[in-house]
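Below is one structure, written out as structure tokens, with a few remarks after it.
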Amino acid sequence: MSLIRTCCALALLALPLSARASDPETPPKAAPASALAMRIDRPPVLDGRDDEAVWQAAPLIDGFRQFAPAEDAPTAFRTTARVVYDAKNMYVFVRAYDPHPDSIVSLLSRRDVRTNSDQIKILFDAYHDGRTGVELIVNPAGVQRDAAMHSDNVEDMSWDGVWDVSARIDSLGWTAEFKVPFSQLRFNAADEHTFGFGVWRDITRISQRDSWPVFRGSRSTLVSQLGTLTGIRGIGGGHRVELLPYTVTKNVTQRSATGWNHPQKITAGADLKVGLGSALTATATVNPDFGQVEADPALLNLSAFEVRFDERRPFFLEGNALFRCSGPCEGLFYTRRVGRTPQLRTSAADPAFTTILGAAKVTGRIGKGVSIGISEAVTRREVGISGNTIEPQTNYFAARMVKEMRGGSSQVGIMVTDTRRTLDSLTRPLLRSDASVLLVQGFHRFAGNTYEISGYSGQVGVNGSQQAIAATQRSSVHFWQRPDHEKQYDPTRTSMNGGVYSLGLQKLAGSLRYSTNMRYAGAGMEANDIGFVILVNDMSMRNSITRQTLRPTRRFRRLSGT
């Protein structure tokens, strides 16, 4: 009870502060800056040069402002941009002036690796919802990075788009010329479009960041601060089709009674993405393989708890921002469960991963402010060298629907997941037969998006044989067999269920920020059939307060304390 009283007291303490329209150090929200895109018939040559007539005729975007270390301050060097488009692509040309081109920091690296280089970033919010978008980034060496944005300020660096760019250093500084297919931007069907748009520039040697329009770090937002890009007509939804086939060859050396064998295995599969109009995308995959992507890092785990690995498979990355909700969704839908290492694997000669027979997904929008995501996958029964089942055939299902209101300042979402296994006499005592999750989540921002109240409520349930549920009770996640545990270990149970709840209050803007959050996870919560949860039977409260400078001082460029 004392924990609840503390949470309520902090919330009541914050309410008088929220009555103000905005923090005194947070400027009022102004009308967004606007830029005009020009329609062209002939695409420019992608060479990083602006001497073509198309670029000379395109409207100029100027007036960049510094946002770090000082907010809304003059820039050290000028930056300009121009935007044109045709029926299939958007083209953006950015010139970053620099009086000392030989001092521009340009480091070569692999794609998606952030180095201490200068860089140019363009940002698109094609839905113009102030919540979602994409970032396309390049440095003077031509190294590309990209990210998807969701929840206004969350960047998903695992997203990989199909786009091109040419960067070069010249006597005036350096340039970046982008070519962005409309197939990579999700937008609503309309005759005329308005996109959210922004351009950022990093000047590494003087530790300065500039942007158009001005970005304010005193606000805990990103996408909603973008300017507008108008004049986009006649692009439609198009017929977006992408096919990514692959083949993988594997050679394994095995010892047998007659010597060494070298069995060769060749597998093939494909990822298919089809646009269902301009706002929905259907994605399918047949026989995907972990060999498509970079391998997981080698890790020696000496703990009792499982290690979480990042998702890298293209199919599961497509539209995955919709299945994230800044906390609970990541734990309740962990895509690496699909195609996992067989749970009953006992030999190095057994299959290392479960074969995914097929999977399909639909993500996008079905109405104003309504987003949906539906994912289904089926994995094959895997048999070990002993001839026994080491992973049963399994069906994985997840769906989420989100409704945004008040221009994205309020949101409510619902998420459902379901896992079904086809068990035999060997696997029935060892594995759970099915699991389901229901989660409702939302937030409400007020006082000019300065404050946010958020929360979620979820229920999780699993079923199985007495032996399987008994093993779940004894697992490192639960430890019900402990004499001091509030739950009594019961070897006759055939089901478990539990809830997860959270309530929080945050101040998102200004130099003084704080948050308080209370979370409860029930002892019977078991979400690891399709999720990743290692902490249950837990009631916790987290509070933080941060003070930071918004402008450089005589001694410090930036100073913050928590």
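Observations on the model:
A quick yes/no check of all residues on (1) more than 30 Å from His128 (Cβ to Cβ); (2) among the hydroxyl-bearing types (Ser, Thr, Tyr):
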position: Arg421; (1), (2): yes, no
position: Asp424; (1), (2): yes, no
position: Phe443; (1), (2): no, no
position: Tyr489; (1), (2): yes, yes
position: Asn497; (1), (2): yes, no
position: Gly504; (1), (2): no, no
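- Identity of the residue in the range 23-63, surrounded by 13 or more Cβ atoms within 10 Å (Cβ to Cβ), out of contact with any Lys or Arg (no Cβ under 9 Å at 6 or more places or on another chain) and of a type in the set (Asp, Glu), that ends up modelled with the lowest pLDDT: Glu25
- If you check Arg186, Arg205, Arg131 for being modelled with pLDDT under 90 and touching a helix residue (DSSP H, G or I) at 6+ places or on another chain (Cβ under 7 Å), only one passes: Arg131.
- Checked against (1) closer than 24 Å to Arg421 by Cβ; (2) of a type outside the set (Lys, Arg); (3) part of a strand (DSSP E or B), Val533 meets all criteria but (3).
- Filtered residues of the range 96-134 (kept if within 30 Å of Lys403 (Cα to Cα) and in a strand (DSSP E or B)): Lys121, Ile122, Leu123, Phe124, Asp125, Gly133, Val134
- Count of residues meeting criterion [outside any loop (DSSP other than H, G, I, E, B), farther than 28 Å from Thr221 by Cα and not polar (S, T, N, Q)] in the range 146-184: 6
- Which listed residue, of Val214, Val248, is farther than 30 Å from Ile120 by Cβ and either among the aliphatic types (A, V, I, L, M) or part of a loop (DSSP other than H, G, I, E, B) (or both): Val248
- Leading residue by the ranking (nearest to Gly464 (Cα to Cα)) among those in the range 506-536 that are touching a Phe, Trp or Tyr at 6+ places or on another chain (Cβ under 6 Å) and modelled with pLDDT of 90 or more: Ile530
- Consider the range 356-393 and keep the residues that are in a loop (DSSP other than H, G, I, E, B) and within 25 Å of the chain's Cα centre (by Cα). The one that is farthest from Ser433 (Cα to Cα) is Lys368.
- Test: residue in the range 75-96 that is at pLDDT 95 or above, more than 22 Å from Val180 (Cβ to Cβ) and of a type in the set (A, V, I, L, M, F, W, C): yes
- Residue within the range 421-437 that is assigned to a strand (DSSP E or B), in contact with a helix residue (DSSP H, G or I) (Cβ under 8 Å, 6 or more places away or on another chain) and modelled with pLDDT of 90 or more present: yes
- Ala126 meets the conditions (1) more than 25 Å from Arg42 (Cα to Cα); (2) modelled with pLDDT under 95 in every case but one. The failed one is (1).
- Evaluation of Ile137 against (1) buried (at least 19 other Cβ atoms within 10 Å of the Cβ); (2) touching a residue at least 40 places away in the same chain (Cβ under 8 Å); (3) part of a strand (DSSP E or B); (4) hydrophobic (A, V, I, L, M, F, W, C) (one fails), failing number: (2)
- Filtered by the rule that a residue be under 27 Å from the mean Cα position of the chain (by Cα) and assigned to a loop (DSSP other than H, G, I, E, B), the range 448-478 gives Gly448, Asn449, Thr450, Val477.
- Pair list, Cβ under 9 Å, 6 or more apart: the range 50-61 residue in the same structural domain as Arg82 (by TED's automatic domain parsing), other residue part of a loop (DSSP other than H, G, I, E, B) and of a type in the set (A, V, I, L, M, F, W, C): Glu52/Val45; Val54/Ile40; Ala57/Ile40; Ala58/Ala37; Ala58/Ile40; Pro59/Ala37; Ile61/Ala33
- Residue match in the range 462-477 (condition: surrounded by fewer than 16 Cβ atoms within 10 Å (Cβ to Cβ), at pLDDT 90 or above and charged (D, E, K, R)): yes
- Between Arg513, Arg519, Arg554, the distinction of being among the basic types (Lys, Arg) and surrounded by fewer than 19 Cβ atoms within 10 Å (Cβ to Cβ) belongs to Arg554 only.
- Residue count for the range 495-520, restricted to those that are among the small types (Gly, Ala, Ser) and either under 24 Å from the mean Cα position of the chain (by Cα) or not assigned by TED's automatic domain parsing to the domain that holds Leu431 (or both): 4
The values are calculated or read from the model by the stated rules, or taken from the named source; none is laboratory data. Quick caveat: nothing in here was measured; it's all calculated off a predicted structure. With ideal geometry, Cβ positions are generated from the backbone for all residues, glycine too; neighbour counts draw on all protein chains shown.
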